[in-house]
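A short worksheet on the structure shown next.
The values are calculated or read from the model by the stated rules, or taken from the named source; none is laboratory data. Since the structure is predicted, the reported quantities are computational estimates derived from the model, not experimental observations. Glycine gets a Cβ as well: all are built from the backbone with ideal geometry, and neighbour counts include every protein chain shown. For accessibility, only protein heavy atoms count, side chains too; no ligands or nucleic acids. Shrake-Rupley method; radii C 1.70, N 1.55, O 1.52, S 1.80 Å.
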Amino acid sequence: MRDRGQQVRGVSILGATGTIGEATVRLVESAPPGTYAVEAVTANRDALKLADIARRLGARLAVVADPAALPALREALSGTFIAAAAGPAALIEAASRPAEWVMVAIVGAAALPPTLAALERGATVALANKECLVSAGAIVIETARRFGARLLPVDSEHSAIFQLLDPERLDRVEKIVLTASGGPFREWTMAEMRAATPEQAVAHPNWRMGRKISVDSATMMNKGLELIEAAHLFPVPLDAFGVVVHPQSIVHGLVHYADGSVTAQLATPDMTTPIAVALAWPARMLTSTARLDLALMATLTFQAPDHARFPALRLCEAALAAGGVAPCVLNAANEVAVDLFLERRIGFLDITRLVGRVLDRFGAPPATTLADVMAADREARRVALDQASVLA
Ligand code: NDP
């Protein structure tokens, strides 16, 4: 039952058809009637799935990024009062609708314009997407500050640190540690990884995720992107951030304080929990996720990352230290490289090689405006495609 006088909360879900989007839809759907009013839902081109979600949630607006999918969306929504639209401007319109809480679960840097649009109207933005903060972290954080918007991290490690960190005691934080599962190839040799297929790369042992983040997890680029993301979200010196491999994915993050105390956040590997943390924040909501039983788990193990077999982490650290457009270039090159790998046009080990080559070409000129970032993103994608054709 809802408390008397409690207001209906407006929410929008961008990337509603993806893994994170669907988990968010399930949480919203399972709430007591009258808890949420769904303003907008979006997808790239999966019109049928989007229409089904829009109908179930009673959304006012459904948007596909790809205009070619608009006729199918209109058809699937016929007989309802749900408006249908398509294209980049419609995506921004979806983020601009007056929902107090917006989930950004679009994959890739394509999420940047709608994220900024939601922040510019002072919304609470639950940010699952990590590529936005990697490409344009300073701009995203400054936009949130300027417009009084709130950013709630949804990535499990960042949700963990968000829950652990005392913002009044940042000067007493010695270390922030993100855990990494090590991905499906944690114990594979270089020769085995050289021959790895897309099917093997997306078969993550612990998490059910979209294809792009699954490949990032296999290269460990994901952990490097998360380091950059964390550096924007949590204002401590760069050398305070660290990564430890923890194959069971039960501990998601740790904060070491100056008095020797280390706090850790634990949960079963299910993104429902960090999404629920962001949806209910600062309250806590009931979820039906599997409960953690440490006695059943029996063993939790930790080890240092193997930088020789997984050089992506070092590439990300270097891009973060270089600053300027370097993280944006790294992200754009990685998005291209992952697509090429999934299309079987380059090998698994070529992903990180290609990203390294593109980064070498650019250096780190400053990126102060969104236009600088977008230009660097476009150019890095062009160079990545160009370099991929001469990978030998
Ligand atoms: P999915 O691939 O499962 O879903 C991506 C969503 O974005 C879909 O709704 C897709 O629509 C939409 N989309 C894809 N391309 C575009 C585009 N160009 N413009 C607009 N919308 C687009 O991804 P995930 O749910 O796994 O991940 C989403 C984000 O969350 C990523 O940034 C990822 O790194 C991050 N994240 C994911 C975690 C996970 O466990 N899955 C954990 C932590 C972070 P369509 O269905 O039509 O293709």
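General observations
- Amide H contacts under 5 Å for Val325, placed H, 5+ residues apart: Ala367
- Loop-located trypsin sites (Lys or Arg not before Pro) across region 302-392 with a Cβ neighbour count of 11 or fewer within 10 Å are Arg344, with loop assigned by DSSP.
- Test item: Cα-centred dipole of the chain, Lys/Arg +1 and Asp/Glu -1 on Cβ, debye: 660
- Region 13-133 - percent relative contact order, Cα under 8 Å, separation 6 or more: 24
- Per-residue 3J(HN,Hα) values for region 282-294, derived from phi via the Karplus relation 6.51 cos²θ - 1.76 cosθ + 1.60 with θ = phi - 60°, read x, 7, 10, 10, 7, 10, 9, 5, 4, 7, 6, 10, 5 Hz in sequence order (x marks Gly and Pro).
- What separates the Cα centres of region 318-392 and region 78-142 is a distance of 23 Å.
- Within region 152-264: Cβ-based charge dipole about Cα centre, in debye rounded to nearest 20 (Lys, Arg +1; Asp, Glu -1): 360
- Computed accessible area, Met374, all protein chains, 1.4 angstrom probe, square angstrom: 70
- The Cβ shell under 13 Å around Asp155 holds other residues with a net charge of -3, Lys and Arg each +1, Asp and Glu each -1.
- Across the chain, C-alpha contacts under 8 Å between residues 6 or more apart give a mean separation that, scaled by the residue count, equals a relative contact order of 14 percent.
- Carbon/sulfur fraction of accessible area - the chain, other protein chains in place, 1.4 Å, %: 54
- Restricting attention to region 11-117, close to 0% of DSSP beta bridges with both partner residues there are antiparallel.
- Hull shadow area, averaged, region 5-132 [alpha-carbon convex hull, nm²]: 7.2
- Of the trypsin sites (Lys or Arg not before Pro) found in region 216-298, those in coil by DSSP whose Cβ has at most 13 other Cβ atoms within 10 Å are Arg284, Arg291.
- Calculated accessible area for the chain comes out at 44 Å² per residue, all protein chains present (probe 1.4 Å; ligands, DNA, RNA ignored).
- The helix-based estimate of mean residue ellipticity at 222 nm for the chain, built from -39,500 (n - 2.57) per DSSP H run of four or more residues and divided by its residue count, is -13500 deg cm²/dmol to the nearest 500.
- Using a cutoff of 8 angstrom between alpha carbon atoms and counting only pairs six or more residues apart, the relative contact order for region 218-370 works out to 25 percent.
- DSSP beta bridges in the chain [antiparallel fraction, %, rounded to 5]: 30
- When the chymotrypsin sites (Phe, Trp or Tyr not before Pro) in region 217-324 are filtered for DSSP coil states and for at most 11 other beta-carbon atoms within 10 Å of their beta-carbon, no site remains.
- Stokes-Einstein translational diffusion, region 68-212 - Kirkwood Rh over all Cα pairs, 0.692 mPa s, 37 °C, in µm²/s: 180
- Here's how it looks for Leu151: its modeled amide H is under 5 Å from those of Val125, which are all 5 or more places away or on a different chain.
- Exposed loop positions in the chain were taken to be GluC sites (Glu not before Pro) whose DSSP state is not H, G, I, E or B and which have at most 10 other beta-carbon atoms within 10 angstrom. Between these positions, the longest stretch is 1-186.
- Under-5 Å amide H pairs with Ser181, H placed in peptide plane, nonlocal only: His246
- Distance cut-off 22 Å, percentage of C-alpha pairs in region 242-347 lying past it: 58
- Computed from the alpha carbon atoms alone, the convex hull of the chain holds 149 Å³ per residue.
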